[in-house]
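What follows is calculated from the coordinates using simple rules that are stated; it is not laboratory data. Quantities reported herein were computed from a predicted structural model and do not represent experimental measurements. Positions of Cβ are generated from backbone atoms using ideal geometry, with glycine treated the same way; all protein chains shown enter the neighbour counts.
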Amino acid sequence: MNKFQLHEKALKEIRKNKYNVAILPLGSTEPHNMHLPYGTDFYIADALARKVCEIASKKGAKVIQLPPMPYAVNTNLLEFPMTISMQPSTLDAVITDITKSLEKHGIYKLVILNGHGGNQMRGFLRELYTKTKVFVTVLNWWDAGIKLEAGIFERPGEHADEKETSMLLDIFPETVNMKNADDGAVRRPKVKSFEEGWCFYVRPWKSYTKNTGYGDPRKSTRQKGQRYISLVSEKIAKMVVELSKAKMAKGFPY
Ligand SMILES: [Zn+2]
């Protein structure tokens, strides 16, 4: 089977190919309720990137997947044991260096496939824009899937919920232990207006959740995960094909 992962290829093969889009799966290392592994976010981002590369490449995209990033910004989860967190400025520096490397190799389109909510980089991307010719887009897979989840999942959530759990049941079932899952209920804020979601603030995850879960995972199934992964991968792959085929010029993507 054809592979699209840089870390699984050798120089001989890399020299033969002319890629124009790179996908960077971005995860995190943090607890996910009592039943999912610490690597959940990068396992999901990596699995989606693999599928996206496979679908997009069949449709003519010249795409390569970079190794998944297992570390990211979890400053608000550090009270939980073995959370491994970067400061946002560290992540920005890493992304800058990856982008500069791609630029050196003549790859001017980078897709960051993000699997962790703490990795908000909009301010940083505006800064990076002034420093590189590489066009960078960042997407959260759950945003890509927002209109695709109706009819699949019964209980909406955000962290180690029915969606993430169903996906892990498809991707890496040996790491899921459903009998340990709690109900993923979260506490209500003292400021009731905050429940409407239009004020951003960093949520102290230890006070907010019981065991880090947000959303009841107990209706998760592998079939749900499989269905959702296939719909989301198709959607992201469509964008990657369009991106790969679009001619790069000043003022891109217009
Ligand atoms: Zn997660």
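Taking 7 Å steps out from each Cα toward its Cβ at Asn180 and Arg122 produces label points 3.6 nm apart.
Whole-Hz Karplus values for region 34-48 come out as 9, 10, 10, x, 4, x, 2, 5, 7, 4, 5, 4, 5, 4, 5 Hz, taken residue by residue from phi with 6.51 cos²θ - 1.76 cosθ + 1.60 and θ = phi - 60°; glycine and proline positions read x.
The order of the peptides 111-124, 81-94 by mean Cβ neighbours within 10 Å, most packed first, is 111-124, 81-94. Loop-located GluC sites (Glu not before Pro) in region 113-186 (DSSP state not H, G, I, E or B) with no more than 14 neighbouring Cβ atoms inside 10 Å: Glu154.
If only the Cβ of Lys and Arg carry +1 and only the Cβ of Asp and Glu carry -1, the dipole of the chain around its Cα centre is close to 1120 debye. For the chain, the mean residue ellipticity at 222 nm estimated from helices alone is -11000 deg cm²/dmol, where every DSSP H run of n ≥ 4 contributes -39500 (n - 2.57) and the total is divided by all residues, rounded to the nearest 500. Relative to the current alpha-carbon distance between Glu103 and Arg187, full extension at 0.36 nm per residue lengthens the span by 25.7 nm.
Relative to the longest principal axis of the chain, what angle (0 to 90°, nearest 10) does the C-alpha long axis of helix 88-104 take? The helix 88-104 is inclined about 20 degrees to the chain. By the count of other C-beta atoms within 10 Å, a proxy for reagent exposure, Met34, Met69, Met248 are ordered fewest to most as Met248, Met34, Met69. Simple spin-label estimate for Tyr208 and Lys9 gives 3.8 nm between the two label positions (7 Å along the Cα-to-Cβ direction from each Cα).
For the chain, the residue among Gly225, Tyr108, Phe172 whose Cα projects farthest onto the positive side of the dipole built from Cβ charges is Tyr108.
Separation of region 1-74 and region 85-144, taken as the distance between their Cα centroids, equals 14 angstrom. Taking Cα centre as origin and charging only the Cβ of basic (Lys, Arg, +1) and acidic (Asp, Glu, -1) residues, the dipole magnitude of region 193-242 rounds to 360 debye.
Listed by Cβ neighbour count within 10 Å, with the fewest neighbours leading, Arg227, Arg155 appear as Arg155, Arg227.
The residues Trp198, Trp142, when put in order of fewest to most other Cβ atoms within 10 Å, stand as Trp198, Trp142.
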